[in-house]
Amino acid sequence: MPIENKWKANLEKVAFAKRFPGLLTEWRDCQGKTVEAVIPLTGRQGAAVVSFTDGTFFVVPPLAPEAWELGQALVDARSNLEPKHRSAYEEYDRLAAKDAEALRSARLEKIVGAIQNNVDRIPELKERIKALVQEWK
């Protein structure tokens, strides 16, 4: 279940990012707008977020940005966009936290499952786990 929850949380976050208020997806939608800032997109050389004074923004180059690029664009351009889209950022933050918690839970489940599935096959596993627990005390 935790792995399914992680996927669902991520899909929900991505769907919201794709309909984030002010997101422009066509160059023609930028016509006549005043550029407020051009912010480099972290993790993608040559890509940027162009924010406009009316609160709209555009991710360039305009190749239907991947989900992670759009999410990163929201992070990178936050200081320019949040004042105009405060409630949208609150919702995005809620969904991002939900996604992060689902990821944490899925990782925990995967680790515990790996231990349970291997404890009988690897006799020294129990002793190693006991030693780790003692180390953390």
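Taking 7 Å steps out from each Cα toward its Cβ at Trp68 and Arg94 produces label points 2.7 nm apart. Per-residue Karplus couplings for the stretch 45-50, computed as 6.51 cos²θ - 1.76 cosθ + 1.60 with θ equal to phi - 60°, are listed in order as 4, x, 9, 7, 10, 9 Hz, Gly and Pro entered as x.
Explain nothing, just the number: dipole magnitude of the stretch 2-60 about its Cα centre with +1 on each Lys and Arg Cβ and -1 on each Asp and Glu Cβ, in debye rounded to the nearest 20.
Details: 8 positive and 6 negative charges, 43 e Å.
With only Lys, Arg, Asp and Glu charged at Cβ, the dipole is about 200 debye.
Peptides 126-133, 69-76, ordered by how many other C-beta atoms sit within 10 Å of their residues on average, highest first, read 69-76, 126-133.
With the full set of protein chains in place, find how many percent of the accessible area of the chain is carbon and sulfur; take the probe as 1.4 Å.
Working: 5070 of 9120 Å².
Reported share for carbon and sulfur atoms: 56 percent.
Think of the chain as a dipole: +1 on every Lys or Arg Cβ, -1 on every Asp or Glu Cβ, centred on the Cα centre; then among Ile111, Gln134, Thr34, Gln134 lies furthest on the positive end.
Between Leu125 and Gln45, what FRET efficiency follows from the Cβ-Cβ distance if R0 is 35 Å, with the result rounded to 0.05? Intermediate values should be presented prior to the final figure.
On the way: r = 43 Å, r/R0 = 1.23.
Calculated value: 0.20.
Listed by chain and number, the aspartates and glutamates whose alpha-carbon sits under 19 Å from that of Lys84, ignoring those within fewer than 8 places in the same chain, are Asp29, Glu36, Asp54, Asp76, Asp93. Using the Cβ-Cβ distance between Gln116 and Trp136 with R0 = 25 Å, the FRET efficiency computed as 1/(1 + (r/R0)^6) comes to roughly 0.80. Per-residue packing, averaged as other Cβ atoms within 10 Å, sorts the ranges 114-125, 47-58 into the order 47-58, 114-125, beginning with the highest. Considering the values (i) 2, 10, 15, 16, 14, 9, 7, 7, 7, 6, 4, 2, 1, 0; (ii) 2, 11, 20, 25, 23, 13, 4, 1, 0; (iii) 2, 10, 20, 23, 19, 13, 8, 4, 1, 0, which represents P(r) over Cα pairs in 5 Å bins from 0, in percent as calculated for the structure under consideration? Correct label is (i).
With a cut-off of 15 Å, note down the residues of the stretch 1-27 whose backbone N falls inside the zone around a label point 7 Å from the Cα of Glu109 toward its beta carbon. From the stretch 1-27, the list is 1-11.
Each Lys and Arg Cβ is given +1 and each Asp and Glu Cβ -1; about its Cα centre, the chain then shows a dipole of about 340 debye.
Pull out the extension gain between Asp29 and Ser87, defined as 0.36 nm times the separation in residues minus the alpha carbon to alpha carbon distance; nm, one decimal.
Contour length minus the Cα-Cα distance gives 18.6 nm.
Is there a pair in Lys6/Lys110; Lys13/Lys110; Lys6/Lys98 whose C-alpha atoms are over 19 Å apart, and which pairs would that be?
On the way: Lys6/Lys110 12 Å; Lys13/Lys110 22 Å; Lys6/Lys98 8 Å.
Over 19 Å Cα-Cα: Lys13/Lys110.
Within the same chain, aspartates and glutamates fewer than 8 places from Lys126 are excluded, and of the rest, those with a Cα less than 19 Å from its Cα are Glu109, Glu135.
The values are calculated or read from the model by the stated rules, or taken from the named source; none is laboratory data. Bear in mind that the values here come from a model prediction, so they are computed numbers and not experimental data. Reconstructed Cβ throughout: ideal geometry from the backbone, glycine too, with neighbour counts over all protein chains shown. Note: accessible area is taken over every heavy atom of the protein model, side chains too, but ligands, DNA and RNA are not part of it. Shrake-Rupley method; radii C 1.70, N 1.55, O 1.52, S 1.80 Å.
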